């Protein structure tokens, strides 16, 4: 198993060829809380439309997600 000084590439190479199941006895149990603040919705688009929206967003200097949210808010007359 890669040591603490291993590079990202070394770690990736190791785990690409090994299973965590083989190292279960070395794993520590952890607990954590997840606080989801917002929901995300997936919408299927035809590839050509997705590409056009991506180009439009890039031209405006925003993410595709931001542009789609702005356009939809305008369409339903909702403040952005």
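Could you tell me whether residue 65 is under 22 Å from the mean Cα position of the chain (by Cα) and free of Cβ contacts under 8 Å to residues at least 40 places away in the same chain? Talk me through it step by step, then tell me what you get.
Values: under 22 Å from the mean Cα position of the chain (by Cα): yes; free of Cβ contacts under 8 Å to residues at least 40 places away in the same chain: yes.
Spelling it out, residue 65 is indeed under 22 Å from the mean Cα position of the chain (by Cα) and free of Cβ contacts under 8 Å to residues at least 40 places away in the same chain.
Tally up the residues in the stretch 21-40 that are loosely packed, with under 10 Cβ neighbours inside 10 Å and either in contact (Cβ under 8 Å) with a residue 12 or more places away in the chain or over 23 Å from residue 69 (Cα atoms) (or both), please.
13
For residue 6, are the conditions met, namely being surrounded by 10 or more Cβ atoms within 10 Å (Cβ to Cβ) and over 22 Å from the mean Cα position of the chain (by Cα)?
It is true that residue 6 is surrounded by 10 or more Cβ atoms within 10 Å (Cβ to Cβ) and over 22 Å from the mean Cα position of the chain (by Cα).
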Next item on the list: Please state which of the following conditions residue 43 fails to meet, knowing it meets all the rest: (1) in contact with a helix residue (DSSP H, G or I) (Cβ under 9 Å, 6 or more places away or on another chain); (2) at pLDDT 90 or above; (3) surrounded by 10 or more Cβ atoms within 10 Å (Cβ to Cβ).
Entry: (3)
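The values are calculated or read from the model by the stated rules, or taken from the named source; none is laboratory data. These numbers were taken from a predicted model, which means no experiment stands behind them. As a convention, Cβ positions derive from the backbone with ideal geometry for all residues, glycine included, and neighbour counts pool all protein chains shown.
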